[in-house]
Amino acid sequence: MKTLLSFFIEIGKLKGKHRKGMKLYGIKDPETTAEHTFRMTIVAWFLGIKKDLDIEKVLKMSLVHDLCEVYAGDITPYDGLLPKDKKERYKFVRKWPHLSENEKKKRYSEKLEKEESSLERLVKRLPVEEKMEVLTLWWDYELGKTKEGRFVRQADRAENLIEAFDCWKRDASFPTKPWWQHADEVIDDPVVLKFLTEIEIEELRKKNVSSDPAMTNLLVFFSEIGRLKRMSRRGWVLRDIKNPESIAEHIFRVAVMAWFLGKKKNLNIEKLIKIALIHDICEVYAGDITPYDTILPKDKNKLKELMKTWPRFSKAEKIKISKDKNRKETEGLEKLILHLPKGLKTEIRNLWLDYEKGLTPEGRFFKQADRIENFLQALEYWKKYGQPPQKPWWMQATELFDDPVLLEMIKEMKVKFHSRKNPKE
């Protein structure tokens, strides 16, 4: 459990690693690796349904494909080629770099070596089974050893194009051409190509190309959940945490945690990961609702004092608050999935209800795993900023957690963050 906790802490660093490619294009506050992985995993899942694929493998591979960036960073096709002059650099990145085949192979080999070394460092202390699973999935993604590996690599490029398209919608001067050229080098899967046609129709306003309503609706859905990349978790905002995680970043890490911890209980891992991916997507429209929302004071000093406690409500108040929250989130989810295919819409709705009501072992386990990730993030912020105060979190832990595996994780978290008397506590 100690090695798993260290691994979870390390992959949490991807929440703060901004994608270098977007930075080069001048995007302010570009997406992070964690945010990209969140949506890319959903893109691979939804598009993968249309093919004969092992969806559990697709989900896992998507979640691990960029873990190497914890230490290697985001290596772009422009690295080592950029002009020193700022104006020239700005022009340069608006074109896709044209290199000889030998140069491409050399640069890819160097990139692969650096990323492999980083991933080996990240997983070296994991249990052998988990270590080998991550490495095998990553190599499959890189080399396309299976149909899942080849598909996930193309889904990754598709998510990049969706992000570029979203940036273009916010700023018409954003250059999407290099992203199309990058995609053209990799993508040949009929399903992915059909989906990209919808982006092309929307972006270029093509009139003579037939649109597929199902693919159009998927594009709208993917763009909408992309808003979670730019939505800070409200609990951290209320506590005045600097640069708080986004909802998308939270979803990324809790999906990985649910996978690894769920294995210890022989749960359905595909279902666990899917629950993790969709459990907060309702917040696109409902917002991030916290337990404090009904009692928030306007006075900043009183708010600061309130954040040092865990809110207490009567049974009747808890029921009312829960009903109001459930109503808003249900409406948000239904609005978001309204135009998805019937089968997919039903699956998402059932997964979300399982999370909310604990209808299966996976739903009940994930509810607590979700809180564990939140607890871990609170400890990480406390260690970094001295905030938030820890007492309310430990009080909550005694009330909300009863799963043996997760209680064991809490013990490790206590040792990790409270093994010595800390003046911040």
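FYI, it's all coordinate maths here, none of it is from the lab. All values reported here derive from a predicted model rather than from experimental measurement. Every residue, glycine among them, receives a Cβ derived from its backbone with ideal geometry; neighbour counts consider all protein chains shown.
Each of ARG125, ARG39, ARG170 has some number of other Cβ atoms within 10 Å of its Cβ, and from fewest to most they run ARG170, ARG125, ARG39. When both the range 325-376 and the range 63-85 are represented by their alpha-carbon centers, they are found 34 Å apart. Projected label points at GLN181 and GLU408, each 7 Å from Cα along the beta carbon direction, are separated by 5.2 nanometres. With R₀ fixed at 30 Å, the C-beta to C-beta distance from ILE295 to HIS339 puts the FRET efficiency at about 0.20. With only alpha-carbon atoms in the gyration tensor, what are the semi-axes of the equivalent ellipsoid for the range 1-230, in Å, largest first? Values for the range 1-230, descending: 28, 23, 17 Å. Taken over the range 204-345, the ratio of Cα radius of gyration to 2.2 N^0.38 Å equals 1.30.
Show log10 I(q)/I(0) for the chain at q = 0.07, 0.11 Å⁻¹, two decimals, from a solvent-free Debye sum over equal Cα scatterers. For the chain at q = 0.07, 0.11 Å⁻¹, log10 I(q)/I(0) is -0.35, -0.88.
Would you mind calculating the relative contact order of the chain from Cα pairs under 8 angstrom and at least 6 residues apart, reporting the percent as a whole number? Numbers along the way, then the final one.
Numbers: 470 pairs, mean separation 68.3, N = 425.
In percent, rounded to a whole number, it is 16.
Shape summary of the range 138-268, radius of gyration then Dmax from alpha carbon positions: 17.8, 54 Å. Applying both filters, DSSP loop and at most 14 other Cβ atoms within 10 Å, to the trypsin sites (Lys or Arg not before Pro) of the range 190-249 gives ARG205, LYS206, LYS207, LYS242.
Comparing ASN266, ASN102, ASN160 in a Gaussian network model of the chain, where Cα atoms under 10 Å apart are tied by springs, the biggest mean-square fluctuation is seen for ASN102. Computed from label points 7 Å out along Cα-Cβ, the spacing between LYS315 and SER232 is 3.9 nm.
By how many degrees, between 0 and 90 and to the nearest 10, does the Cα long axis of helix 55-64 differ from the longest principal axis of the chain? With rounding to tens, the tilt is 90 degrees. Which loop-located trypsin sites (Lys or Arg not before Pro) does the range 261-367 contain, where loop means any DSSP state but H, G, I, E or B and the Cβ has at most 11 other Cβ atoms within 10 Å? For trypsin sites (Lys or Arg not before Pro) across the range 261-367 that sit outside H, G, I, E and B with at most 11 neighbouring Cβ atoms in 10 Å, the list reads LYS298, ARG312. For the range 35-111, the Cα-based Rg and Dmax, in that order, read 16.7, 49 Å. Its Cα gyration tensor gives the range 263-318 an equivalent ellipsoid. The semi-axes, each the square root of 5 times an eigenvalue, are 33, 15, 12 Å from largest down. A simple spin-label model places pseudo-atoms 7 Å from Cα toward Cβ; at THR3 and GLU110 they are separated by 3.4 nm.
Looking at the range 1-137, I'd like the Rg to Rh ratio, where Rg is from alpha-carbon atoms and Rh is Kirkwood's inverse mean 1/r.
Details: Rg = 17.0 Å, Rh = 16.9 Å.
Here Rg/Rh amounts to 1.01.
Between GLU10 and VAL415, full extension at 0.36 nm per residue minus the direct alpha carbon distance yields a gain of 144.1 nm.
Ranking THR398, THR37, THR330 by Cβ neighbours within 10 Å, fewest first, what do you get?
Details: THR398 9, THR37 29, THR330 16.
Placing the least packed residue first, the sequence is THR398, THR330, THR37.
Expressed as a rounded percentage, what relative contact order does the range 1-230 have, with Cα pairs under 8 Å and six or more residues apart? Kindly include the intermediate steps, with their values, before the conclusion.
Numbers: 232 pairs, mean separation 50.1, N = 230.
So the answer I get is 22 percent.
Gain on full extension, evaluated as 0.36 nm per residue between LEU353 and SER100 minus their Cα-Cα distance, stands at 85.8 nm. A simple rule links phi to the HN-Hα coupling: the Karplus curve 6.51 cos²θ - 1.76 cosθ + 1.60 with θ = phi - 60°, which for the range 300-316 gives 5, 5, 5, 5, 4, 5, 4, 5, 8, 10, 9, x, 10, 10, 6, 4, 5 Hz, with x for Gly and Pro.
Using just the helices of the chain, give the 222 nm mean residue ellipticity in deg cm²/dmol: DSSP H runs with n ≥ 4 each add -39,500 (n - 2.57), and the total is spread over all residues, rounded to 500.
The per-residue figure over the chain is -21000 deg cm²/dmol.
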